[in-house]
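Accompanying notes for the structure given below.
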Amino acid sequence: MALTPERGGEQAGPPPRIVIVGGGLAGLTLARILHETGIAATVYELDARPGALPPPDRVPVHPLDLRPDAGLRALRAARITLPADGIDAAELRRRLLDGLPSGRVVWDTPVMAVRRREGGRGHHAEPGLGLRPGRELELELDGGASVPADLVVGADGTWSRIRRALDDARPRYTGMFVFDAHLSDVERRHPALDAFVGGGVSALTEDRGLVARRVGDGVAVQVTLRLPAGWTELAPVSRLTASVVRDRLARHFTGWDDRLGALIRHSDAGPVARAVYALPRGPRWPHRPGITLIGDAAHPGAPFADAGANQAMLDAADLAQALTDHPRDLAAAQRHYETTRFARAGSPQAPARPEAASSPSSCASEATHARHLHGV
Ligand SMILES: Cc1cc2nc3c(=O)[nH]c(=O)nc-3n(C[C@H](O)[C@H](O)[C@H](O)COP(=O)(O)OP(=O)(O)OC[C@H]3O[C@@H](n4cnc5c(N)ncnc54)[C@H](O)[C@@H]3O)c2cc1C
């Protein structure tokens, strides 16, 4: 299948139908970079409208720490200039969307499955059900409609439905909860805490940890607790007021340096809580022509140092690059992307070890990694 530029250029055949499932950071970054390079793609997103995206409990509360070799590279490819005071995930999504033609994101449209058409009858593309290359793919939408596609990109997050077409891997709870909070304008509002944090501070044991680091004029505070599955002390966090959650979190550090608790209690954004999930299989999947994965759908990002955002954006940049480098061959582009992606996952130079741990690990070991990244 040949790629046809959106805007002018050589007409090399019918345009490929590139469909991206999920309009999170990964999916929107891919759609935007492709658009900037003249390749059209359609995003199907289950959220009802742009304003609904992302829900508060999915928004990292601080300016993202985008790394030169990952998030910043993707931003350049998307032709977005990083504001001097940084950018948080919600604003980044807005800017990615702003540059897309209207109609490029189809809202309120959950994708239920991807399948391959055989003589007009669809077969669910589950492992072992006899997928054959060269047959037309189609997405099954909620409500029964279907959409044909030449390349389906699963960008539908940790609980990806598209991944089910590739393997049986299901995310597992790692045993850790992470809480992200943020103190803004810290030098003026909390000079004592500002001096305490300096370039960064951390306190870690096997079952709990706190890492605080400078981000712009503020401090990002990340608390990690090792908690049993089904733990409910703070859940559902969304039903408690933020100050109650902060207080309960701070109590986990009673008897430690009082300033650690103060960092939590004085935060003015968050805490945003998330249980940390990982795939047992590591960040690879079986190659199936026409279906690939990016972002958390490929492998949930580690919850430290904005690894999830960086990984999602780097995946998008790599896939867009592969599609641009192989303008006449979708299959070659997919192979190229997956080879790059798998090699990156196994490389010691992998940016900030973006993949989440595949097995339970301690707060200390995970957070120590985050400290090293930031020299804290
Ligand atoms: C509470 C919380 C806090 C986080 N904080 C940080 C942080 O501070 N820094 C950081 O780097 N990362 C953070 N992350 C992780 C980060 O959000 C992800 O790693 C990163 O955004 C990956 O983006 P993604 O696009 O791959 O997935 P997502 O952001 O999960 O986006 C997936 C999209 O797909 C859509 N979707 C899902 N299923 C379907 C379907 N069947 N059909 C259509 N659409 C579908 C969803 O609505 C969503 O919009 C946090 C995650 C959570 C849950």
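The values are calculated or read from the model by the stated rules, or taken from the named source; none is laboratory data. A quick note: this is a predicted structure, and the numbers were derived from the prediction, not measured. Positions of Cβ are generated from backbone atoms using ideal geometry, with glycine treated the same way; all protein chains shown enter the neighbour counts.
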Consider Val147 against the criteria (1) within 16 Å of the ligand (Cβ to nearest atom); (2) among the β-branched types (Val, Ile, Thr); (3) touching a helix residue (DSSP H, G or I) at 6+ places or on another chain (Cβ under 9 Å): it satisfies all of them except one. Which criterion is unmet? (3)
Mind checking which pairs have a first residue in the stretch 95-113 that is closer than 18 Å to Pro148 by Cβ and assigned by TED's automatic domain parsing to the domain that holds Arg164 and a second that is among the basic types (Lys, Arg) and surrounded by 15 or more Cβ atoms within 10 Å (Cβ to Cβ), Cβ under 7 Å, 6 or more apart or different chains? Val111/Arg161; Met112/Arg161; Ala113/Arg161
For Asp180, the lone unmet condition from (1) closer than 12 Å to Val219 by Cα; (2) surrounded by fewer than 21 Cβ atoms within 10 Å (Cβ to Cβ) is (2)
Going through (1) modelled with pLDDT under 85; (2) more than 10 Å from the ligand (Cβ to nearest atom); (3) part of a loop (DSSP other than H, G, I, E, B); (4) of a type outside the set (D, E, K, R) one by one, Trp285 fails only at (1)
Can you confirm whether Ile87 is under 22 Å from the mean Cα position of the chain (by Cα) and modelled with pLDDT of 75 or more? yes
Residue in the stretch 319-332 that is in a helix (DSSP H, G or I), within 16 Å of the ligand (Cβ to nearest atom), buried (at least 20 other Cβ atoms within 10 Å of the Cβ) and outside the structural domain of Asp217 (by TED's automatic domain parsing) present: yes
